[in-house]
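The values are calculated or read from the model by the stated rules, or taken from the named source; none is laboratory data. Nothing here was measured: the structure is a model prediction, and the numbers come from that model. Here Cβ is always computed from backbone atoms with ideal geometry, including for glycine, and neighbour counts include all displayed protein chains. Keep in mind that these areas ignore ligands, DNA and RNA; they rest on the heavy atoms of the full protein, side chains included. Shrake-Rupley method; radii C 1.70, N 1.55, O 1.52, S 1.80 Å.
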Amino acid sequence: MKISLEELLAFTAVIDSGSITAAAEQLEQTVSGISRALGRLERKLGTTLMRRTTRKLELTEEGEVFLQHARNILDAVESAEDQMASRHQRPAGRLRVNAASPFMLHVVVPLVGAFCERYPDIELELHSSDNIIDLIEQRTDVAIRIGRLNDSTLHARALGSFRLRVLAAPAYLEAHGRPKQVADLRHHRLLGFTQPESLNHWPLRSEQGDTCLTRPSIKASSGETVRQLALAGQGIACLADFMTRDDLARGDLVPLLVKDTVEHLQAVHAVYYRNTQLSARIQCFLDFLAQRMAP
């Protein structure tokens, strides 16, 4: 009896999601259906792939080995579908995209309608994470990363860049005054990031050179949280234009220390693991995003 793709999908979905229930929701199947598929797979292979405890599922040694084979088979099928779809100029299938929440909210989400209208056969899955993720572990096709890239094992495509500005809400400036020089920042409440620390180096001319290391009074892991704090008048922040352009246009945030600001562009890259022909879905998504992000 041959192994089916349905059984391979059930197996990998359980591993990726962490439970049979979560896998059932992901694949839009019943819990009993997923359990039966796993049972059939183990019977066909004549081995136990997972140990089921009351708290979690653990792969056996055989399960670890088979998981990689299962992923390779599913990737090969997906690649074949991509190539057939591209022949008909109709990219299709699921596209899993990961990005930091501010970029997802302010750049990707406004473009979803136009993208889906152009590519109606692509099923988008949008995931937000303010931390660097493992693309394979999270079953992600493409991730958008902002700033310097460190992982040399990934393929990357530059999508554009955005300027960083120091800014604050009028309400904060009315209550605390406007800093007239960089040194004045030490007397103000600054908003910054928990990580990476490089985001707390602002592009301002100071005694340290063309960057100013700040000591934020309030730190957050997400740029969107920092933006909301700034809009609420809780302090001075340094943020990229892609999330504050509309705020600046409305006057909800105003730029500070303009003459002391160094031109610093924050690069945006798309990263992916595909080391063969780029899938049609990923290719058209990156082309679309790069075109819309162009100045």
Q: Would you mind stating whether LEU253 is open to solvent by less than 10 Å² (accessible area, probe 1.4 Å) and over 19 Å from the mean Cα position of the chain (by Cα)?
A: yes
Q) Out of region 132-164, which residues are touching a Leu at 6+ places or on another chain (Cβ under 9 Å), open to solvent by 70 Å² or more (accessible area, probe 1.4 Å) and either among the hydrophobic types (A, V, I, L, M, F, W, C) or modelled with pLDDT of 85 or more (or both)? A) none
Q | Close pairs (9 angstrom Cβ cut-off, 6 or more residues apart or separate chains): free of Cβ contacts under 8 Å to residues at least 12 places away in the same chain in region 165-185, among the small types (Gly, Ala, Ser) and surrounded by 15 or more Cβ atoms within 10 Å (Cβ to Cβ) anywhere | A | GLU174/GLY233
Q. Restricting attention to region 4-30, which residues are open to solvent by 70 Å² or more (accessible area, probe 1.4 Å) and of a type in the set (A, V, I, L, M, F, W, C)?
A. LEU5, LEU9
Q: Residues being touching a helix residue (DSSP H, G or I) at 6+ places or on another chain (Cβ under 7 Å), assigned to a strand (DSSP E or B) and more than 14 Å from VAL142 (Cα to Cα): count how many of those fall in region 256-292.
A: 0
